[in-house]
Amino acid sequence: MDAIEQQLFADEQDESDEAPKTDYNHPGIYDVEYEIDSAYQGEDAVTMVAEANAQARPYALIFMDVRMPPGIDGIETIYRIWAENPNVEVVICTAYSDYSFEEILQKLGTTDRLLFLNKPFDSIVVKQMALSLTRKWTLHEEARQHVRRLKTEIDQRRESETRLNHMINHDDLTGLANRNQLQIELAKAIEEARRQNTRFALFFVDLDRFKEVNDTLGYQNGDKLLAKVASRLQATFGEIGTVFRQGGDEFAILLPRITSMAQTSKIAHHLQRVFEPHFDLGDLSIEIHPSIGIVIYPDHGCNMDMLMRHADMTLISAKSTEQGFRFYRDNMNLFTPQRLLLLSELRRAISSDELMLYFQPKINLVDGCVEGVEALTRWPHPSHGFIPPSEFIPLAERCGIIRHLTAWVLKEVPRQWRLWNDQGIDLAVSINLTAQDVLDPQLPSKVRDVLTEYQMPPSRLGFEVSERGVMEDPAQAIQSLLTISQMGISISIDNFGTGYSSLAYLKTMPVSQIKIDQSFVEEMGHNLNDIAIVRSMIDLGHNLGLKVMAEGVSSRESYNMLKEFGCDAMQGAYVNHPVPAGELLLWLESSEWMVATTAAE
């Protein structure tokens, strides 16, 4: 072996322990240093390979003779070496062999890690072979390390997304699934029930006089009580259904495969009995009773919005009964004479142009510029003053006139943009769309018509769509949004984190931005969980190639944290409240935030 070593690798060997060094900028046969070990028996070679692996110094190349008496021969040695280090390159150097070429391949298999070099051989050929094979091994090792790093990064990202989804869809206090997860599971239950032609029940549960517990015993004891209620409900119904905490003292239970109202009544009575034992809070023993509203699919609603709405109505009604629980009935509706009058007045306000647009600035956190505004509808009622949007917009959705309201906004926004543009103020404007708007097959043509009428570039218009708005009918919604996006209009997911949070749909939607819901942003200054959620959402959005905006920013502290986390944009009271168009111009003139003043072409 010493003679072969001398013949193959020059007259002198570097005795140092340093790794081989290769100058690949000036490749050649002689400018490579090798660290060489020798073994005279097969068992010794196998042991040396195993020890090198244990020291994280694996061999790259082995020159092997077939005949190595005494002990195991070269072929068996190679077989055992590859069991220890399957990546090492092997060159068989021999003039004589006890095996045919076919027998060697049958024993070792066909592989690109095995070469044959018959004696006598030219040392120049061998040196070039050593250079090529060690270079090949190095490249393969770098590739394997890169793959391992990528796998680690992918695993870490999946783990981060899993933690984020759990944080978004579960309640911190009780560990139960929250209202977000209820919407997800309810959508799945509806789909399965439709497919299987089955029924399911949804229970809304509220704790009677819970406010008195908080007021008299303090919020800490109130939280303890909620945790114990959650634990008791989960222990009772967790194996046959899913228990949720919706918020405050409200819980929900989703029970699949209900066969009849009689069966559901028995479950309701059992649910009441769950609350009969008092709840022990240290030295205190608390008696608490539930109110229960029950809806059954499809008897009491055929979609998620209807079931949730009817369950809410039924829960309110159950509070006024001695029985403590109620099923939904058709006469439990919110359309009182007062609301019917309000609906009629809303129709008139839309047709008579009595509504107003308010605008809230959006700030680019990179350069501090006002990058655009969000258009918000306000209703100054002649008798009742400003009607809250939370009252008239849901009413418009439920009564089927939301598309008329959206049509008014779609015409008013480009008209206002044109007035600003003529004054040299270039602001992008975003409009909120409801689920009914997104599913309107005429929406793209309506948008195209108003843009043409006011010569508003599509790039200056944006639409904000809630997660629920997409999930009502994902296929149709995505197709509609894709058509709009192809016109050059930007699409944002509004209130991100409060709906379905479906990464699968996010990847297929033509979305350029997500807006983190204000419920997570408002408490960042003193809620570590919200800080973690917001930071994770920003990272998630960027990993998906999306811009991220935070809404509801009300303090300098939140603003600074969002900049630190790399958030792209924000809006909220810290910048300015929604204001009419005239007040917005006055604000822009005196504001510390910069704004573009060149009219769009």
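The values are calculated or read from the model by the stated rules, or taken from the named source; none is laboratory data. Since we're looking at a predicted model, the values are computed, not measured. FYI the Cβ positions are ideal-geometry reconstructions off the backbone, even for glycines, and counts take in every protein chain you see. These area figures cover heavy atoms from the full protein model, side chains too; ligands, DNA and RNA do not enter into them. Shrake-Rupley method; radii C 1.70, N 1.55, O 1.52, S 1.80 Å.
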Here the qualifying pairs (Cβ atoms under 7 Å; residues six or more apart or on different chains; first in region 519-544 and of a type in the set (D, E, K, R); second at pLDDT 90 or above) come out as Glu522/Gly552; Glu522/Ser554; Arg535/Phe565
The residue from Lys515, Lys507 that alone is outside any helix (DSSP H, G or I) and out of contact with any His (no Cβ under 8 Å at 6 or more places or on another chain) is Lys515
Looking at Val548, is it at pLDDT below 90 and not hydroxyl-bearing (Ser, Thr, Tyr)?
-> no
Going residue by residue through region 5-27, is there one that turns out to be within 19 Å of Ala130 (Cβ to Cβ), open to solvent by less than 90 Å² (accessible area, probe 1.4 Å), at pLDDT 55 or above and assigned to a loop (DSSP other than H, G, I, E, B)? no
The condition from (1) out of contact with any Gly (no Cβ under 7 Å at 6 or more places or on another chain); (2) open to solvent by 50 Å² or more (accessible area, probe 1.4 Å) that Glu557 misses is numbered (1)
Apart from one, (1) more than 21 Å from Glu35 (Cβ to Cβ); (2) assigned to a loop (DSSP other than H, G, I, E, B); (3) in contact (Cβ under 8 Å) with a residue 12 or more places away in the chain; (4) not β-branched (Val, Ile, Thr) all hold for Asp112; the odd one out is (3)
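Can we say Pro298 is within 19 Å of Leu182 (Cα to Cα) and either surrounded by 15 or more Cβ atoms within 10 Å (Cβ to Cβ) or of a type in the set (A, V, I, L, M, F, W, C) (or both)? If you could, list the steps in order and put the result at the bottom.
Working: within 19 Å of Leu182 (Cα to Cα): yes; either surrounded by 15 or more Cβ atoms within 10 Å (Cβ to Cβ) or of a type in the set (A, V, I, L, M, F, W, C) (or both): yes.
In short, yes.
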| Could you say whether any residue in region 123-139 is in a loop (DSSP other than H, G, I, E, B) and loosely packed, with under 15 Cβ neighbours inside 10 Å? | no
Residues in region 157-208 that are in a helix (DSSP H, G or I), buried (at least 20 other Cβ atoms within 10 Å of the Cβ), in contact with a strand residue (DSSP E or B) (Cβ under 7 Å, 6 or more places away or on another chain) and of a type in the set (A, V, I, L, M) total 3
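Within region 209-256, can you find the residues that are assigned to a loop (DSSP other than H, G, I, E, B) and exposed (fewer than 15 other Cβ atoms within 10 Å of the Cβ)?
If the condition is that a residue be assigned to a loop (DSSP other than H, G, I, E, B) and exposed (fewer than 15 other Cβ atoms within 10 Å of the Cβ), then Arg209, Gly218, Gly238, Glu239, Ile240, Gly248 are the ones that fit.
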Requested in this report: Would you mind stating whether Pro120 is assigned to a loop (DSSP other than H, G, I, E, B) and open to solvent by 80 Å² or more (accessible area, probe 1.4 Å)?
Outcome: yes
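Hey, among the residues in region 63-113 that are on the phi < 0 side of the Ramachandran plot and among the small types (Gly, Ala, Ser), which one's least open to solvent (accessible area, probe 1.4 Å)? Before the answer, list the steps.
Narrowing region 63-113 to residues on the phi < 0 side of the Ramachandran plot: 63-70, 72-108, 110-113.
With among the small types (Gly, Ala, Ser) added as a condition, the list becomes 74, 83, 95, 97, 100.
On the way: Gly74: 1, Ala83: 83, Ala95: 57, Ser97: 46, Ser100: 46 Å².
My answer is Gly74.
Quick check: is even one residue across region 572-586 open to solvent by less than 70 Å² (accessible area, probe 1.4 Å), of a type in the set (A, V, I, L, M, F, W, C) and within 21 Å of the chain's Cα centre (by Cα)? Even if it seems obvious, please write down each step before you answer.
We begin by selecting, within region 572-586, every residue open to solvent by less than 70 Å² (accessible area, probe 1.4 Å); these are 572-576, 578-582, 584-585.
In the following step, the residues that additionally are of a type in the set (A, V, I, L, M, F, W, C) were identified as 573, 575, 579, 581, 584-585.
Within this subset, residues satisfying the condition of being within 21 Å of the chain's Cα centre (by Cα) are none.
No, that holds for no residue.
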> Quick check, is Phe386 among the aromatic types (Phe, Trp, Tyr) and open to solvent by less than 40 Å² (accessible area, probe 1.4 Å)?
Replying inline: no
